[in-house]
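Here's the structure we're looking at; comments come further down.
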Amino acid sequence: MVGSEIIGNVRAIIEWAALIIEITGAAVIVAGVIRVAITRGTIRYLFQLEKPGAYETYKHQMGKSLLLGLEFLVAGDVVRTVALEPTLNNVGVLGLLVLIRTFLSWSLAVEIERRWPWQARTEKDQQGVNSA
């Protein structure tokens, strides 16, 4: 009986850890969007569309919080699937989720940096990263 109680407690801790990681991911995305909307001023941004680089900086700030949130969500899925029930079906679903979220992350990174990952950074790219 003691062994099954320990296993039950460990299982509960892992479930809570996965839930906390996933909630953190969602919170990062929501907080990032709110922060960008407030600090960059969405309404102010709409009136500055003709200003050079306004859209790029807005998109860059929004994309960073989305990327970080996606990483947390992937981590939560990995913890939940691998640690709790590593059945072939669950691992397959995890693989599909990771594939989709990795594609989204990669697409966001390409959109933010405006270059393919294998391309070298230009001086203009370096200046954009330092100013954001």
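Out of all the residues in segment 12-37, which are more than 19 Å from LEU67 (Cα to Cα) and open to solvent by 90 Å² or more (accessible area, probe 1.4 Å)?
Across segment 12-37, the qualifying residues are ILE13, TRP16.
Among the residues of segment 83-97, how many are more than 23 Å from ALA27 (Cβ to Cβ) and either touching a strand residue (DSSP E or B) at 6+ places or on another chain (Cβ under 8 Å) or open to solvent by 60 Å² or more (accessible area, probe 1.4 Å) (or both)? Quick ask: steps written out before the conclusion?
Residues of segment 83-97 more than 23 Å from ALA27 (Cβ to Cβ): 85-93, 95-96.
The next check asks that each one be either touching a strand residue (DSSP E or B) at 6+ places or on another chain (Cβ under 8 Å) or open to solvent by 60 Å² or more (accessible area, probe 1.4 Å) (or both); those that pass are 85-89, 91, 93, 96.
Looking only at that region, the number is 8.
Would it be correct to say that LEU94 is touching a residue at least 60 places away in the same chain (Cβ under 8 Å) and closer than 22 Å to ALA17 by Cβ? If you could, list the steps in order and put the result at the bottom.
Numbers: touching a residue at least 60 places away in the same chain (Cβ under 8 Å): no; closer than 22 Å to ALA17 by Cβ: yes.
No; evaluated as a whole, the condition is false for this residue.
How about segment 43-79: which of its residues are modelled with pLDDT under 75, open to solvent by less than 50 Å² (accessible area, probe 1.4 Å) and part of a helix (DSSP H, G or I)?
TYR45, ALA54
Quickly run through segment 1-19 and pick out the residues that are within 10 Å of ALA83 (Cβ to Cβ), among the hydrophobic types (A, V, I, L, M, F, W, C) and either at pLDDT 90 or above or under 25 Å from the mean Cα position of the chain (by Cα) (or both). Show your work before the answer.
Initial filter on segment 1-19 (within 10 Å of ALA83 (Cβ to Cβ)): 10-11, 13-15, 17-18.
Okay, now just the ones that are also among the hydrophobic types (A, V, I, L, M, F, W, C), so 10, 13-14, 17-18.
Correct list: ILE13, ILE14, ALA17, ALA18.
The values are calculated or read from the model by the stated rules, or taken from the named source; none is laboratory data. These numbers were taken from a predicted model, which means no experiment stands behind them. Cβ: placed from backbone, ideal geometry, glycine included. Neighbour counts: every protein chain shown. Note: areas computed on protein heavy atoms with side chains; ligands, DNA, RNA excluded. Shrake-Rupley method; radii C 1.70, N 1.55, O 1.52, S 1.80 Å.
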